[in-house]
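Worksheet: one structure, shown below.
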Amino acid sequence: MIFAREGAKVVIGDVNEQGGEQTAAQIEEAGGQAIFLRTDVSRATEVSVLVKTAEERYGKLDVMFNNAGIFPDADASVTDTSEDVWDLVMEINLKGVFLGCKYAIPAMQRAGGGSIINVASFVALVGAATPQIAYTASKGGVLSMTREIAVEFARQNIRANALCPGPVDTPLLRTILSDPVKRQRRMVHIPAGRPARAVEIANAALFLASDESSYVNGATFSVDGGLTAAYVTPE
Ligand SMILES: NC(=O)c1ccc[n+]([C@@H]2O[C@H](COP(=O)([O-])OP(=O)(O)OC[C@H]3O[C@@H](n4cnc5c(N)ncnc54)[C@H](O)[C@@H]3O)[C@@H](O)[C@H]2O)c1
């Protein structure tokens, strides 16, 4: 929504058809332009069609926001996590971002430049004794991959930054945040004392997408309420 409010023409790709259609409709109702295309980010053909659709419908691609990710309950300690869960998380969280960049970059080259925002996580920067090993490894991969892309394409006016949110109050964290013990186990480490609201992360993505961030490239862009800066937090 906030991208559209700033005048962006938005192409939404998600496996959640109801949510995607609803978001596109909300944007249109508010006077913006948006379309939804059911897209599994782990499938090359679907991501390439998503990018092609953006170019055909709106003329060019300026921004790629690689945001899709999963956080399955069965992803746990390195000793307990199955190969299947590992593979699934890597397919979506890491390969999905790779494919998003793979198809967005040639489109941005055709457009004369662009901004890529890859969503990593604070867990790419700090370890947790409440482990999700595949998720953490996938986000570490997103962070390093983004840095390399940022450097390779910098002189083609294409920027790439890794957005590293702290815990955010979204469906992804619902199981943890709705359990008072699990919630407190995590909140104690956040100087802000609360999870982020989704809009606080979207605002950071908007900044990275915009010309206002024209010299921000290859950044580990933490939006985490001070979590990764903290040793002892306020009582
Ligand atoms: N919520 C948090 O605490 C938190 C913290 C750090 C990073 N993140 C990251 O932020 C991003 C957004 O997560 P969120 O918190 O909004 O979670 P969410 O579950 O609310 O949203 C994730 C979206 O990804 C979509 N998705 C899942 N698999 C897909 C696939 N194969 N193809 C296309 N779309 C797919 C889902 O349908 C959903 O709309 C993710 O990359 C997540 O890892 C979240």
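The values are calculated or read from the model by the stated rules, or taken from the named source; none is laboratory data. These numbers come from a predicted model, not from an experiment. Reconstructed Cβ throughout: ideal geometry from the backbone, glycine too, with neighbour counts over all protein chains shown.
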Answer yes if at least one residue in the stretch 165-181 is of a type in the set (Val, Ile, Thr), assigned to a strand (DSSP E or B), touching a helix residue (DSSP H, G or I) at 6+ places or on another chain (Cβ under 9 Å) and closer than 28 Å to residue 88 by Cβ, and no otherwise.
yes
Which listed residue is within 9 Å of the ligand (Cβ to nearest atom), within 13 Å of the chain's Cα centre (by Cα) and modelled with pLDDT of 95 or more, from 172, 163:
163
Taking the stretch 182-235 as the search range and keeping residues that are among the β-branched types (Val, Ile, Thr) and not in a helix (DSSP H, G or I), which one is surrounded by the fewest Cβ atoms within 10 Å (Cβ to Cβ)?
232
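Per-residue answers, yes or no, for (1) over 23 Å from residue 133 (Cα atoms); (2) outside any loop (DSSP other than H, G, I, E, B); (3) modelled with pLDDT of 95 or more:
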| residue | (1), (2), (3) |
| --- | --- |
| 24 | yes, yes, yes |
| 27 | yes, yes, yes |
| 53 | yes, yes, yes |
| 76 | no, no, yes |
| 81 | no, no, yes |
| 93 | no, yes, yes |
Scanning for something of a type in the set (Lys, Arg), more than 16 Å from the ligand (Cβ to nearest atom), crowded, with 20+ Cβ neighbours inside 10 Å and touching a residue at least 40 places away in the same chain (Cβ under 8 Å), does the stretch 137-144 turn up at least one residue?
no
Filter the stretch 47-59 for residues that are of a type outside the set (Gly, Ala, Ser) and buried (at least 18 other Cβ atoms within 10 Å of the Cβ); the one that is farthest from the ligand (Cβ to nearest atom) is 51
Qualifying positions in the stretch 10-34 - crowded, with 18+ Cβ neighbours inside 10 Å and not small (Gly, Ala, Ser):
10, 11, 12, 14, 23, 27
